[in-house]
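Note sheet for the following structure.
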Amino acid sequence: MDTTRNRLIIWGGGHNGYYGNELYALNLNNLTMTRLNDPGLPIADASCPEAIAGGTQPNSRHTDDGIEYMPNVDRMFVFGGSLACPIGTWGNGTWTFNFSTMQWQRMDPVNGTPPIGEAGMMTAYDPNTGLIFVHDRQYLYTYNYSTNTYTRLPNSYTYGLGYHMAATIDPVRRQFVIVGYDTSVCGNPPACTVGAGRVYTYNI
């Protein structure tokens, strides 16, 4: 959700579904759809590259929940996802899209501990701090755009969350909230059955 312009940004594709990496915007004021840019060429091949268009743009991907709008810098954040290629390899790249210049930037953080790109990525933007919170299958991280740094946080859920889940931030109670169908096999603690709708929260 581009809260600056009141529009829904649509981007994705990936795996063996759609190889175009262009962006679309649904204007919620007048309910019109606009294509914001053209797809990068050449499109991905069987090698499952993280980047296309000479390394300047991200390959199309199943985004899972690894995509956020950062109103503090007017950029879209992207991490991970199942890349456009026949086998759908998981990406590990961090990208931002600058809506002012309409350009992609590969961030390549060199400091901190980055998440592991895999199925079930979850992200949420925290308006209180301007940080992106990122959860892979095991750990919770923050991404700081201003320093281009990931930080793995303590007390993460280390038993392995399943996929088919999404996250958001409760900015009032300062909670990172995960909701959805958890396909994980849980250890102990906590004891749980495989495959169920669940809610998890982190006090951030």
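If you roll a 1.4 Å probe over the heavy atoms of the protein chains, what accessible area per residue do you get for the chain, in Å²?
Values: 9630 Å² over 204 residues.
Normalised by residue count, the accessible surface of the chain is 47 Å².
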* Structure fact -> Expressed in nanometres to one decimal, the distance between label points 7 Å along Cα→Cβ at THR34 and ARG106 is 2.9 nm
* Asked: To the nearest Å, what is the center-to-center distance of segment 45-79 and segment 134-169, using C-alpha atoms only?
  -> 18 Å
* Considering only protein heavy atoms and a 1.4 Å probe, what is the carbon-and-sulfur percentage of the accessible area of the chain? -> 53 percent
* To do: In Å³ and rounded to a whole number, note down the convex hull volume per residue for the Cα atoms of segment 120-176.
  => 76 Å³
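The values are calculated or read from the model by the stated rules, or taken from the named source; none is laboratory data. All values reported here derive from a predicted model rather than from experimental measurement. Backbone-built Cβ (ideal geometry, glycine too); neighbour counts: all protein chains shown. Ligands, DNA and RNA are excluded from the accessible area calculation, which covers all protein heavy atoms including side chains. Shrake-Rupley method; radii C 1.70, N 1.55, O 1.52, S 1.80 Å.
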